[in-house]
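The values are calculated or read from the model by the stated rules, or taken from the named source; none is laboratory data. For clarity, every value in this text was computed on a predicted model and none was experimentally measured. Positions of Cβ are backbone-derived with ideal geometry, glycine not excepted, and every protein chain shown enters the neighbour counts.
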């Protein structure tokens, strides 16, 4: 782990730098460390700076409980937890059918490839992921790197203060102007290596739903969700701000339903082109409440991805420390 020279990195409008790479892609920017994607912006000096933000000792868990969505969203498998007796006074336990994306998650760089370019980040092919056991883009590369300065943008709270309603179950997007406006209102700035968290209001609204309402919205073709706009301008802002990863409390970061085949999807812009990890279904409401009380929207984030060779995605296993 070493500091990178941010002054040597291209701005978004200068991408790509590699011959034959797709437009607006960062292929080749990070050299041999491409498996980290934008996590390359997390540096030892950034970790030290993040540690200095710890003042109160408060800890906020970002992961929802495993199996929180009943039924699981998008038709994913239901996880089953079993307690296994080992003897008169001993036990193990087991998780059956555990899908690493059944709840809170970081999308890895092998999760979504670019449809037109027929490739994943840095030109990795589908055969290299499936036949090569995802050695090149596996989330195991992230296992000891996901630590740094975090910033919360309370987009949901900001919109409400502006007198505008928030309906988390409608296909709506927080604009770049709203995100920047919320940052300004909070008195917070982005710095290189920021792990950005955005509260949209979806998770807390989901938790208030009845069992029948959760059942109705679970299928992929039924779920509707607020998110952040998947615009070129927003992605350019994230790259030029050297954001290391972005996590939200909604199912897809961007609004649902998605317009598949549209190359402007945030999943296409972020994962296969920029190498920017996307976090979904994080628990952010308690953190937002505390940030509003002490007016401190920056903190240390520690995320320990599952150390699974070739992992496609991972629970964040993340905490905010204030």
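Out of contact with any strand residue (DSSP E or B) (no Cβ under 7 Å at 6 or more places or on another chain), crowded, with 17+ Cβ neighbours inside 10 Å, in contact (Cβ under 8 Å) with a residue 24 or more places away in the chain and within 30 Å of residue 48 (Cα to Cα): is that true of residue 137 in this structure?
On the way: out of contact with any strand residue (DSSP E or B) (no Cβ under 7 Å at 6 or more places or on another chain): yes; crowded, with 17+ Cβ neighbours inside 10 Å: yes; in contact (Cβ under 8 Å) with a residue 24 or more places away in the chain: yes; within 30 Å of residue 48 (Cα to Cα): yes.
Spelling it out, residue 137 is indeed out of contact with any strand residue (DSSP E or B) (no Cβ under 7 Å at 6 or more places or on another chain), crowded, with 17+ Cβ neighbours inside 10 Å, in contact (Cβ under 8 Å) with a residue 24 or more places away in the chain and within 30 Å of residue 48 (Cα to Cα).
Evaluation of residue 239 against the conditions (1) at pLDDT below 95; (2) touching a helix residue (DSSP H, G or I) at 6+ places or on another chain (Cβ under 8 Å) shows that the sole unmet condition is (1).
Would you call residue 189 under 18 Å from residue 266 (Cβ atoms) and in contact with a helix residue (DSSP H, G or I) (Cβ under 8 Å, 6 or more places away or on another chain)? When the stated conditions are applied, residue 189 does not pass them.
On the given criteria, is residue 15 modelled with pLDDT of 95 or more and within 18 Å of residue 143 (Cα to Cα)? Steps first, answer last, please.
Values: modelled with pLDDT of 95 or more: yes; within 18 Å of residue 143 (Cα to Cα): no.
No: the conditions fail for residue 15.
Within the stretch 177-187, the residues that satisfy the criterion of being buried (at least 18 other Cβ atoms within 10 Å of the Cβ) and under 20 Å from the mean Cα position of the chain (by Cα) are 178, 179, 182, 183. Could you go through the stretch 150-173 and let me know if any residue there is assigned to a loop (DSSP other than H, G, I, E, B), in contact with a strand residue (DSSP E or B) (Cβ under 6 Å, 6 or more places away or on another chain) and either surrounded by 14 or more Cβ atoms within 10 Å (Cβ to Cβ) or at pLDDT 95 or above (or both). No, the stretch 150-173 contains no residue that is assigned to a loop (DSSP other than H, G, I, E, B), in contact with a strand residue (DSSP E or B) (Cβ under 6 Å, 6 or more places away or on another chain) and either surrounded by 14 or more Cβ atoms within 10 Å (Cβ to Cβ) or at pLDDT 95 or above (or both). Examine the stretch 75-89 for a residue that is touching a residue at least 24 places away in the same chain (Cβ under 8 Å), under 29 Å from residue 269 (Cα atoms) and surrounded by 17 or more Cβ atoms within 10 Å (Cβ to Cβ), and state whether such a residue exists. Within the stretch 75-89, one or more residues are touching a residue at least 24 places away in the same chain (Cβ under 8 Å), under 29 Å from residue 269 (Cα atoms) and surrounded by 17 or more Cβ atoms within 10 Å (Cβ to Cβ). If a residue has to be in a loop (DSSP other than H, G, I, E, B), free of Cβ contacts under 8 Å to residues at least 40 places away in the same chain and surrounded by 17 or more Cβ atoms within 10 Å (Cβ to Cβ) to count, how many in the stretch 99-133 make the cut? Total satisfying the criteria: 2. Is there a residue being touching a helix residue (DSSP H, G or I) at 6+ places or on another chain (Cβ under 7 Å), under 25 Å from residue 206 (Cα atoms) and at pLDDT 95 or above anywhere in the stretch 55-63? Yes, because at least one residue in the stretch 55-63 is touching a helix residue (DSSP H, G or I) at 6+ places or on another chain (Cβ under 7 Å), under 25 Å from residue 206 (Cα atoms) and at pLDDT 95 or above.
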